[in-house]
Each structure stands twice: as structure tokens, then as C-alpha cells.
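Remarks on the structure that follows.
The values are calculated or read from the model by the stated rules, or taken from the named source; none is laboratory data. Note that the coordinates shown come from a computational prediction; the quantities given were computed from them, not determined experimentally. Cβ atoms come from the backbone with ideal geometry, glycine included; neighbour counts cover every protein chain shown. When the accessible area is computed, the model is the full protein with side chains, heavy atoms only, and any ligands, DNA or RNA have been set aside. Shrake-Rupley method; radii C 1.70, N 1.55, O 1.52, S 1.80 Å.
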Amino acid sequence: MAALCEGYTLCGLVPALNQLSSEIQGIEEERDCDHVIVTDSTRSVTLYKVSDQKPLGSWTVKQGQTLTCPAVFNKHTHEYVAVSDNKVIRIWKEDDILLDKAFKATVSADVRAVHCAHGGEPAVLFQRGAVRLLDSLLSAPQQPVEEILVPEEAIRWSTSIVAETQQLIIFTTELNGDHFLYLQRLNPNSVQKYRLEPEGPGLSPLSFWASCKDKNICLLYLYPNGHLYQSLVSVRGPATDEGAQVVPLPRDPLLSLPVGEEPLDAASAIFLDDAHVAVVGVPHPAAGPGKDFLCIWNTNFQTLQAAKEMAGKLYGQLWSYSSKLFIPHGKVLSVIPFACPRSSLASALGKLKQVKTEETKPPTLVSSWNTILHGEQPPKPVETRKPRTTRRTQSAPSLTIDQVQNLIKTAPAEEVQKEVERLLSRQDLQDLQPSLGQLALALVSRSLADPAFYSSSSLTQLVHTQCLSHSVCPDLLPLALEKKDYFLCQLCLQFFPDIPEAVTCACLKAFISLPDADSEKLNLEPESVSFMEMLISNEHAQMGLQNGFSPASCEEGRTDTIGGPQTKAEEKGNASPKQSCPLGLHKAALINEVLQTAYSETFLLPHLKDFSSDHVVLFLQYLEFLYLRYSTDSFSQTHGCRSPTLNQILDWVCMLLDAHFTVLVMTPAAKGLLLNLQCFVRSQVRLFSELGKIEGSLQQLNSMKMKKDVGQYSIEVIELY
């Protein structure tokens, strides 16, 4: 499923004077995926390095002058191009300090925008529809410019695309309530005009987006009533006698988005890939009024796959570059990374192979689609354990989403569980995906308001669909912690891609504080427990040298001590690292889920500092145990179980040391642990040092010419110096 990752602020912004739009006029990708140029609505162009969230340069026109179109970057000449006061084209390089001293040329007509598509040349679009390549225009800036549009026609949106080595300028216009699409092809020049189908009285498209798809230009546009359409236009030019005609533009409906009580005011939709669109300014189907969300929808299966609530006012602006979304909201411009893995029906419906088959739903839907998509054999029918219940469920009609929601408000937990289970077993579950978040919210709200009510089974089934996320139901995971429903916590940690760092640390603190005796009574996911059983059952396996570390090398390397003479107890505590797990089986399985949760180190460290020294020492001891077990020759991460990686383990060790190093140095119980960790680092340094010594010899081996004819058997002696 698609996911929205933890975002960060690129820069602050001040709302424009009309309060309806941000000060951002445009965002363009610069030399690579980590640099963007941001043009504000008045006078400035700023270059940012996205990963550092820092400006690398800024250029401003004089007081009284205004930038009237977003700046673009010409990758062929490494120059920036912008337009001020509608007619003055400005060109400068990164090392130029003052725009007023850079190159500028005044043209004869008002400019709408300058476009520079990836792989194409900069092109200038004039307000009246004419198009010129920048180099051709600058050779004679005062050349006459023709008018393509009729007097009352105005351009509303424009972009540029390079498809099949053909550069195209695409723009839409409005005339007396009608909307048109122009496709201007360059080299050779040709223009085609299309008429958009009318949506309804007074309804004009709120946003447009264009991309190249299968030798066609795919146009995506959103209306205030929530209807999202796409239209396909051939990249190849029209026939000669068709060039001057206005051709009707066919459209296909993609989504019908929820709009609430009033039509949409400021919203945008853009393609992320062939199956996913990002939408901003459209209400979340499971959230109440007054909340603004950024959402990712799967157009193939009509499902909402990810959502993130955005603080502050949304302006209906959205850009996408290199798997990052740029969205101005409130007083900041945020960057939100996203992921859109390949979609299948099973994933869109929440991995239907995990849904219980002993209920009413026959396996025909899953098996037939999996057979078509993945070549899997249809599964054998599962014998039902409750035939009477199955027959009764099949004969009785299931309630609708609204009826189940009303039932949740008053019915006992057993009845709610039965109806939710029946609802999730329906064959038309695909159509219910956007509404499952409403069910989860209703269950959580009832549980918070009525302490006597809690339906763990219903919430677990909803989480198993993988249609929920923390942003859809933010109180679900804290509720599971409060109820000590650790199995539900485990599922949320597995399936929620957007858990905040504060909640992650709350889970970690709860897991570490859990007594081992109580944790062993928990019913957790079998795969996670099996991994720990395998890990602990082999804890006495022979430790071999791997990644430059072994207990023997650690013992030899520990020649120094901290402080003065040691007592027998200290010597025992500072002994070489052992391979006994300091945690119980089930507690360790829960903590493994935390280790695999996505996080941002910047936001996680402040919460880690709230942990007590005892918890930190215990957690570090467990991480040390994992590192030792992963370093054995007998251990392999190809066991197929869900488990943390070695890199994740080491990252958590580093973060804990960053957050608590001073406290650990002053804690006697942590003395031996720190020495062991120091030993690990020394072994790695020693390994890389030894590898560095033979680097030249290895390079010599690589450059040696091998004999072509060595016969069936040969011995060759190679001397290394």
C-alpha cells in the first residue's frame, strides 16, 4: 500500500494579502532530486537543499518590481530564468549576487510562464497563447508575437512535457464558462485545440496535472463537486486538415471524492504513478469537519491508502518531485516523502489471504484474482469449524456501514464484534474500504467514552485489513496501550506506516516496563515469537569471527579499565559479553516491532531522553544480545521471519548512547556494558584498518590478467608485496 512518511518543514511562508493563497508562486526541481527553487508571489527566488532544509542562495528584484512567473532552471546552461513585470526576462547563474546586474531582455508582449521540461529547452508561453523557444526569442526580443486566443479567452494553467523526443507546451483556457485544452508541439510547430466536456453550471476545474503515459498525454483535472477525471491525448500531431478544428476531449472518471456539505474551494490532485493520485484540500472520508488532510488514493481499486492531517490552512497547492510532496499549509512549506509500491487487489484490500475463511466468504474472489495477477493456484476450501454459524451468517443480510456505526454507539461488545466480523466477510469489501476508518473511529470513541466497552477482536480485524493508519485513527494505538492489548499494539506497529515518534517511545516504555512473568502469558503473532525462540534456542551456538568481531578478540582488546581497582563483583559485571537474552521471549518479540518502526532521529531523540537509566541499560543489553547473535556464523537473516535488521539494531544503539551517554557513564551498572560496546567499535576499526593494509594487493589482483588456457588442472603462485 501507498504510504506517507514523516514530513519536515522546508521553509516558512507568510500568507498573501488576500489570505486565499500562499506566497508560493511555484516550485521547480533544480540540478538533482535534492535541490529545488522556490519562487514567492512577490520578489524572491530561493534555492534550497531539501535534505538539509537550508537555503543555498536567494535572489530578489528591486523594490517596486514583481516576479510574475515561477523561475526555472536550464540544466543545459546551468542558468536560472524568470520573468519580472510580465515582459522582462531575467537570466542568471548561481554565483550571481544581484539580479539587477544579470542579463535581462524586454519582450514585446506579456509573458504567461517560462517552462523547461526535463530533457527539453526553455520555452516561453505568452498571455495570448503564442509559444517561443527562449533562444529564438532572445535573438530578437522585440519580434512581433501573434495572438492565438480570442479576446475574452484567458489561460488558467500551463506546463511542459517532453515525450518521444517531442517537446510540448500544454495549457488550458476559459472562455464564457467553457474550458479548452491547447497542445502546442514544437519542432515542427503545430497546435491542437480541444474542448473539455462541461461538468455542470458554474463548475470550473480547480486543478490540472499532466504526465506522459503510454505515448499519450494524460490530463488529470478535479472539479469542486469532487469528481476527478482523466483525458488522454495522443503525443503525435494531428493531420493537416484537423489542426485548426476544436476537437471534443473525451474523459474517463477516476474518482468521486467526498466533498462534505459544501463544494470544494481550493484543492489539487496530481499523479504519483499509474495507479495513485495525491489529493489535497478534499475532506477525509472518516474525519470530522474542520480538518484538512493530504491523501493518497488508489485509482485502480478506488481506495484511500494513506492520509496525513495538515495543520493550518491549505491553499490547494501541491507539487511532486523525486518521491516527495511539497505542500504549503498554514505558515510553512512542508516536504512529505511518500512511497507507492506496486498495487494488487490483495494489497489494496488489506492482504485478503489473511482474512478468515471459515466465515461466510468463499475464497473465489481472492483465488481468482491471485491466479490472474500472480499465477497462484486457487487455495483449497477451508473446512468450517462452525457450520451452524456459517449457515446463519449466509442467510442473514449484513448491516450497512451506517447501521454498524449506529450499533456501535449502544450495543454490547459481543454484538458489535459479530456485526463487524460479518461486515468484513462481505464479498464487496472493496467498496467499503474508505469507510473502514469510520468504523475504527466509532469503536475507539465508544471505548474512550465507556470504559466498560472494548472490542479487541473488532479492532484487530480492522487493523488486519491494512486500510487503517495512525493518521486515520490517531487514538487507536494509545487506546490499545491503555487497555494493555499488546497483540493489537503489535499489529499497529507492523501495519501503520506513520506512527509518531512520541507514540513509538510510549510503546517502547510500556514494553520494557512489562514484567516478564506477565509478558509470557500474552498471545502474540506466532511468527515474531518463533523468531525469538529460534534466536534463544541457539544462544549457546559457537561464536565465529564475523564482521571483525568475536568474544576472544573482545577479551584481548579490553586491556584498559575505567577507574581504579575493581572488586570481584565489578569484574563479574565487566566480563566479556554473554549471549543470554536479558528479556523474556514475548517481551523481546514486542520490542522487535519497535526496532522495525519508521522514525526520524530528530524527533525520536527528545522522547528517548525521558527513559530511566534502568530501562536504558536493559534495552542496551538486549540490543547487545541481538548484535552478538547476529554476529554468529550459525545465524542467518534468511530465516524468513519478520525481524529487525543489523543496521536497525546498530541505529538504535547509537541513538540510545546519544540520548543517555552522560547518565550511562555515571551509572555503575552500565560500566561493563559500555566497555563491551567499546569493544565492538574497536573490532570494527581494527577490521577496516587491516582491510586498508591489503587494499593495494586486492587492487593488484583485480588488475591481473588471467591466463586463458590453464588446462584441466593448474597451480598458480601469486606473490603479494
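Overview of results
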| item | result |
| --- | --- |
| 1, 310, 666, reordered so the largest accessible area comes first (probe 1.4 Å) | 666, 1, 310 |
| Residue-count net charge about residue 663 - beta-carbon cut-off 11 Å; Lys, Arg +1, Asp, Glu -1 | 0 |
| Charge sum, other residues only, whose C-beta stays under 14 Å from residue 173's C-beta, Lys/Arg counted +1 and Asp/Glu -1 | 0 |
| Convex hull of the stretch 160-255 built on C-alpha atoms - directionally averaged projected area, nm² | 6.1 |
| Within the accessible area of the stretch 183-335 (1.4 Å probe), percent carbon and sulfur | 50 |
| Fraction of accessible area attributable to carbon and sulfur, the stretch 21-146 (%, probe 1.4 Å) | 49 |
| Order of exposure, largest accessible area first, which applies to 132, 185, 642 with probe 1.4 Å | 642, 132, 185 |
| Contour excess over end-to-end distance, with Cα ends at residue 322 and residue 302 and 0.36 nm allotted per residue | 4.8 nm |
| Per residue accessible area in Å² of the stretch 21-146, where ligands, DNA and RNA are left out and the probe is 1.4 Å | 44 |
| Förster radius 22 Å - calculated FRET efficiency between residue 93 and residue 53, Cβ distance, rounded to 0.05 | 0.40 |
| Accessible surface, per residue, of the stretch 177-233 when the full set of protein chains is kept, probe 1.4 Å, Å² | 40 |
| Using alpha carbons only: equivalent-ellipsoid semi-axes of the stretch 1-89, gyration tensor based, whole Å | 23, 18, 12 |
| Within-15-Å neighbourhood charge of residue 321 [Cβ basis; K, R +1; D, E -1] | -2 |
| Ordering of 168-174, 597-603, 317-323 by burial proxy (mean other Cβ atoms within 10 Å per residue, highest first) | 168-174, 317-323, 597-603 |
| The stretch 21-146, Rg to Rh (Cα coordinates; Rh as Kirkwood inverse mean 1/r) | 0.95 |
| For peptides 496-504, 468-476, sequence by mean Cβ density within 10 Å, most packed first | 468-476, 496-504 |
| Order by protection proxy (mean Cβ within 10 Å, highest first), peptides 690-701, 37-48 | 37-48, 690-701 |
| Largest-first principal axis extents of the Cα set of the stretch 394-526 (Å) | 46, 31, 28 |
